[in-house]
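S.K.: Structure incoming, see below.
FYI, it's all coordinate maths here, none of it is from the lab. Computed from a prediction, not measured in an experiment: that's the story for all the values here. Because the Cβ atoms are built from the backbone with ideal geometry, glycine has one as well, and the counts that use them run over all protein chains shown.
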Amino acid sequence: MDVPYQIALWGVRLAFLVVLYVFLIRAFGSLWRALRTEAELAARPALAYLVVQRTHAQGPRAGERLPLRTISSLGRDAGNDVVVNDEAASARHATVTLSDGAWWLEDQGSTNGTLLNGQRIVRRERLRDGDIVEIGRVGLRFEAAA
Amino acid sequence: MVARMRPAFRGTELGLIFWVALLVGLGFLAVIGAGASALQASSLIVPATFVAVAVALHLFLAVRGSRGDQLLLPLALGLTAIGLVMVERLAPPVLLLQQLTWTVVAAGAFVAATLIPRDLTVLARYKYSWALAGIALLASPLLPVIGRELNGARIWIGLGDLLNFQPAEAVKILLVIFFASYLEENRELLASAPARRLGSVVPPLAYLVPIVLMWVLAMGVMVLQKDLGATLIFFGIFLAMIYLATGRATYALTGVVLLLAGGSLAARVFAHVGARIDVWLAPFSDELRFGAGYQLVQGLFALGNGGLLGAGLGNGMPDRIPVVWSDFVFAAFTEEVGFIGAIGLLALYLVLVFRGMSIALRAPTPFLQLLAAGLSFGLAFQTLVIVGGNAKLIPLTGVTLPFLSYGGSSLVTNFVIIALLIRVSDITVRVRGG
Amino acid sequence: MIRPIAANIRSLTLVIALAFLATSMGVAYWSLVQAAELSADPFNPRLLATLRDRPRGAIVAADGTVLASSARSGSGYARKYADRSLAQAIGYASYTYGTSGVEAAYAESLIGRDAADPISQWRARYLGEQSPPASVRVAIVPAVQRAAAAALGDRRGAVIALDPRTGGILASVSQPGYDPNLIVDPATQDLAWQQVNGNVGKPLIDRARQGLYPPGSTFKLVTAAAALERGLDPKAKIRVDDPYQADPSWGSYTVKSPSQAHGDFDLSLAFQRSENIYFAKIGLQTGGARLAEYAARFGIGSVPRCELSAAKGQIATGGQLDRPILVADTSFGQGELLVSPLQMALVTATIARGGSLPVPHYATAVVDAAGNTLRLIEPGALAQAIKPETAATIGAAMVAAVEGPGAFAFGARIPGVRVAGKTGTAENASGLPHGWFVGFAPAESPVAVVAVLIENSPGGGEDAAPVGAAVLRSALGR
């Protein structure tokens, strides 16, 4: 093979390497920008909580932050993820679920019902930051990262 | 669901895919120009089809209105592009067309994993089903009709003549889903110190039982199938996820000690394990260099011929390494593109893993955090295991280099992993009120 | 309080990053640090890439005889070797089993990438261009080689002859041997390799440069040099009474005279009769440290500078001669000494050329396809090891050891030529003693040096001396 051809071939090889690095640097740049903006976001909690706002002597401590799982059950039974110790609460009272990119509150057929911002819910309701969930005498504020 | 139908502009992704297209074009040009493989129809069809698939996947996400990460898909495609160039360079032409077929199948799997299940969080609900599915899949090669034995290992299933699948690859994902959902529920119990729970009825270790059982089953099947690499990957994921959930390094350290003890025991009991250790310790010895150590020795020669800048794509001599396109792609790539190219490649993997981990950091529930981190760790660990094996840092195990190695099961699995990570980041953006 | 998962993710990511760093360093180790060593490895197929599709350069003897060549065969080229007795020195170039000997040492020259021609190396690596292969000229003289192989016969051992003026190796035989043609022929290679590699006689090992043996009395050259340079009068008579013990602390241990001698010996007579007690006494006078220093000056215990790999041997297991019995034993070549025939040939060549240690070499030149000399291989000599007068005195004593009345090395005599020589009979753990002979001729202006070793030979040095004489005679053209 003659020399000009080989030099051209090396041009292609070098270009391959250069493109590999340009791609890497651009990918890294994108990662870097994302990490910088996310660093601000990460300062706020990423996870969602129920914060105990109103309670009574036998109920959960006021101000306690209860972390939410993908599916969290609320109720009087000790097996629940969020235990609501109240005579008005059913054993399995309600669930809070992450689904379709949003948080939802759903009543599980409780005897005394679940209130969202003072309204009794009948079907699955979307939860937004600052919403108040009431089960019996216990009031919980939903807190989620924006 | 209405919001999802609104298309999203994914500019970063498209921009990066442009460079991927350039990369695959230049790679094929260099390999064919060097005369390392003959110019034929497939040399043009393969890069063209690949670019079409890449753009199609981008459009799919854009039309669907995914607001998930824009970096992961180009990175996966870039690595796949390098993989296709290396298969064209190293493997017989029939394997190139097969690899292209697998790339299309993997793209299909990516689309499927984006659409199904419609709501990703249902994965957290049916954890034991995933565990059972994983075990069934793992054991499936032992079944009579669909099980296949290739190269002495019965770790394949197949329906047609061409497309054989290694279910152990897919089991990785099911394992991560199961661990993530189980650990979301029980991590507090596992993490709490036994002393603090003295009065409690159930000691925390009892919560480890389902996980350990799952693991023992997986190990048992792997040992029966003599698949050392997959066993190591499973164990690594298992330990990493327990650490992620509990933050207790003692679990991980105990696991590493168990691994080393089990390894040295296995080296004595199983001839095929002992042989690998011997090769690792002294591949250049007179007894091994033409025998069991031949592949590793030839791989090291390839690394040595790489130098800083490489011998030039298509100009090296990695062909002497047995099954180079599967186990030793990294060594072959280093020979031809040099240390510079090898570092670039490892950096691409590292960016991919960092991206996956940063998605995990932001995810809104422990399950999604564990899922994203576990999948990212699996990719990182598998890369480290095979590159470390090529460079004689650890004993060689037959795992694939993610996206690069020839092999369909691995490619399909890894594209599903990318789809899941993009979905986790999509959920995160939406739940944060985007 | 349970650690948040985010914190665990950060820690794990850090661990992954560190593992990537370590892996990169592993890759750097092989691709950068070890690159040169790996590319020169005789088993690296890159050096053999063209073995089948292109002719490999020839290896040509001093008189023009082609020792190794590539001949057309079927679809490609096959390597042919002319002389089986050169199997270990010239070696083989196998597509499967790598290279050895001169084939390995000059592998790059033989495929047209000689180090003296960096442009051809560069073109081969980066442009894929193949320069026509160069041929390698070696100092081997086929007549001497034939004489050496015939004289040794099929006895296990080694013969090495070199030109003391240049260090060029004139002949090199190692027995048992093998047929390199079988190892390079794809049809026979696997069986041949299995047989040769698994053979208990270790035919792949070049006993001339890689075999290590106690030197026996041939080491007395070194003892004499150390003693003379410390002031020993070669004419001084030293009393010998068999058996000898320096003092009662030696217990039951004694040095024995090979001729059960009782009498006065000077250096010349001690060489003639190979008198162990004489050498034990002068060795003890000289002292262990000085004796070890002279052995080191003659190259014993260090790897000889040579294009082919050679064994380094040892002066003593611990490196030092620190006990009187060990000093006495070492003085007549026993103790813990181990040397290769090549090293003994170099010791002898140092005496022959007046005290400087030559650098041995197999090749003399690399010649390109057009016949131009790419480079000459003339490594010259190392620093003066001993004074010229010392060398002359020992040389004269070695002549007496061959020609004198009652000389042990009488078997090395050549009518009409003054031969200097020394036999040795080395006791060893493997059975019968090894027979040694080292010598050079003509004594006044040496043109050939020979070292002969015969393993487990009933007659010891007496068996080796005629082999040496045959080689010297051939080298002198008689």
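S.K.: State to the nearest 20 debye the size of the charge dipole of region B:275-434 about its Cα centre, where the only charges are +1 on K and R beta carbons and -1 on D and E beta carbons.
M.R.: Using Cβ point charges on Lys, Arg, Asp and Glu, region B:275-434 gives about 760 debye.
S.K.: At a Förster radius of 45 Å, what calculated FRET efficiency corresponds to the Cβ-Cβ distance of B:Val212 and A:Val22, to the nearest 0.05?
M.R.: Once rounded, the FRET efficiency stands at 0.45.
S.K.: Positive end of the dipole of region B:1-115, charges at C-beta (+1 Lys, Arg; -1 Asp, Glu), about the Cα centre: which of B:Phe9, B:Val104, B:Ala41 has its Cα farthest in that direction?
M.R.: It is B:Phe9.
S.K.: Let me ask something else about it. How big is the gap, in Å, between the Cα center of region C:415-478 and the Cα center of region B:393-428?
M.R.: That distance is 70 Å.
S.K.: Another question, if that's okay. Assign unit charges at the C-beta atoms only (+1 for Lys and Arg, -1 for Asp and Glu), then state the dipole size of chain B relative to its Cα centre in Debye, rounded to the nearest 20.
M.R.: The calculated dipole for chain B is roughly 1300 debye.
S.K.: Further question: When Lys and Arg each count +1 and Asp and Glu each count -1, what net charge do the other residues less than 10 Å away from B:Gly247, Cβ to Cβ, add up to?
M.R.: Once all neighbours under 10 Å are counted, the net charge is +3.
S.K.: Between C:Asp322 and C:Asp63, what is the label-point separation in nm under the 7 Å Cα-to-beta-carbon projection?
M.R.: Distance between label points: 5.3 nm.
S.K.: Now a separate question. In degrees, nearest 10, range 0 to 90: what is the angle between the Cα axis of helix A:3-43 and the longest Cα principal axis of chain A?
M.R.: Relative to chain A, helix A:3-43 is tipped by roughly 20 degrees.
S.K.: If you don't mind, there's one more thing I want to ask. Just name one of C:Ala363, C:Ala383, C:Ser120: the one whose Cα is farthest towards the positive end of the charge dipole of chain C (beta-carbon charges, Lys/Arg +1, Asp/Glu -1).
M.R.: In chain C, that residue is C:Ser120.
S.K.: Follow-up question, since we're still on this one. Determine which residues of region B:229-271 fall in the zone a paramagnetic label at B:Ile277 would reach in this model, i.e. backbone nitrogen under 11 Å from the point 7 Å along Cα→Cβ.
M.R.: Residues B:260-271 qualify, since their backbone N sits under 11 Å from the label point.
S.K.: Sticking with this one: Rounded to the nearest 500, what is chain C's calculated 222 nm mean residue ellipticity when only DSSP H runs of at least 4 contribute -39500 (n - 2.57) each, over all residues?
M.R.: Mean residue ellipticity, 222 nm, calculated: -10000 deg cm²/dmol.
S.K.: Also: Identify all lysines with a Cα-Cα distance to C:Lys422 below 25 Å; exclude those on the same chain that are fewer than 8 residues away in sequence.
M.R.: Within the straight-line cut-off, C:Lys422 pairs with C:Lys220, C:Lys235, C:Lys237, C:Lys256, C:Lys281, C:Lys312, C:Lys387.
S.K.: Rounded, prolate or oblate, given the Cα gyration tensor of region C:302-418, with a/c below 1.5 counting as rounded?
M.R.: Oblate, because a/c is 1.5 or more while a/b does not exceed b/c.
S.K.: Among B:Thr231, B:Thr250, B:Thr103, which one shows the biggest mean-square fluctuation in a GNM of chain B, springs joining Cα atoms closer than 10 Å?
M.R.: B:Thr250
S.K.: Related question: Filter the chymotrypsin sites (Phe, Trp or Tyr not before Pro) in region B:258-300 down to the DSSP loop ones having no more than 16 other Cβ atoms within 10 Å, then list what survives.
M.R.: In loop regions of region B:258-300 (DSSP not H, G, I, E or B), the sparsely surrounded chymotrypsin sites (Phe, Trp or Tyr not before Pro) are B:Phe270, B:Phe284, B:Phe290.
S.K.: Among A:Thr97, A:Ala15, A:Phe28, whose Cα projects farthest towards the positive end of the dipole of chain A, with charges put on the beta-carbon of Lys, Arg (+1) and Asp, Glu (-1)?
M.R.: The listed residue farthest towards the positive side: A:Ala15.
S.K.: Using Cα centres only, tell me the gap between region B:8-37 and region C:187-265 in whole Å.
M.R.: 70 Å
S.K.: When the Cα centres of region A:102-146 and region B:339-367 are compared, how far apart do they sit, in Å?
M.R.: The two parts, judged by their Cα centres, are 38 Å apart.
S.K.: Sticking with this structure for a sec: Please check: in the Gaussian network model of chain B (C-alpha springs, under 10 Å), which one of B:Arg148, B:Arg118, B:Arg187 has the largest mean-square fluctuation.
M.R.: B:Arg118
S.K.: 7 Å from Cα along Cα→Cβ at both A:Gln58 and B:Val323: what's the point-to-point distance in nm?
M.R.: For A:Gln58 paired with B:Val323, the spin-label model returns 6.6 nm.
S.K.: What's the angle, to the nearest 10 degrees (0 to 90), between helix C:5-28's Cα axis and the longest principal axis of chain C?
M.R.: Between the helix axis and the principal axis of chain C, the angle is about 50 degrees.
S.K.: Still on this structure, I have one more. Hey, got the dipole for the protein assembly as shown? About the Cα centre, +1 on K and R Cβ, -1 on D and E Cβ, debye to the nearest 20?
M.R.: 2240 debye
S.K.: Could you pull out which residues in region B:379-411 have an amide N less than 18 Å from a spot 7 Å beyond the Cα of B:Val256, following the Cα-Cβ vector?
M.R.: Correct set: B:380-386, B:388-389, B:393-395.
S.K.: Within chain B, which DSSP H helices have Cα atoms that stretch 20 Å or more along the helix axis and a mean Kyte-Doolittle hydropathy of at least -0.5?
M.R.: Answer set is B:11-33, B:41-64, B:72-90, B:93-115, B:167-191, B:209-225, B:228-246, B:249-269, B:329-362, B:366-390, B:408-431.
S.K.: Under 5 Å between amide hydrogens, which residues at least 5 positions from B:Phe165 or on another chain qualify, with H placed 1.01 Å from N in the peptide plane?
M.R.: For B:Phe165, whose amide H was placed from the backbone, the distant partners under 5 Å are B:Ile157, B:Gly158.
S.K.: Please find, in a Gaussian network model of chain B (springs between Cα atoms separated by less than 10 Å), the residue of B:Glu287, B:Glu335, B:Glu13 whose mean-square fluctuation is greatest.
M.R.: Maximum fluctuation in the GNM of chain B, among the listed residues, is at B:Glu287.
S.K.: While we're on this one: Which net charge results when you count Lys and Arg as +1 and Asp and Glu as -1 among the other residues whose beta-carbon is under 15 Å from that of B:Ile173?
M.R.: +2
S.K.: Now for a separate question. By the scheme Lys and Arg +1, Asp and Glu -1, what is the net charge of all other residues having a beta-carbon under 14 Å from that of C:Gly211?
M.R.: With Lys, Arg at +1 and Asp, Glu at -1, the net is +4.
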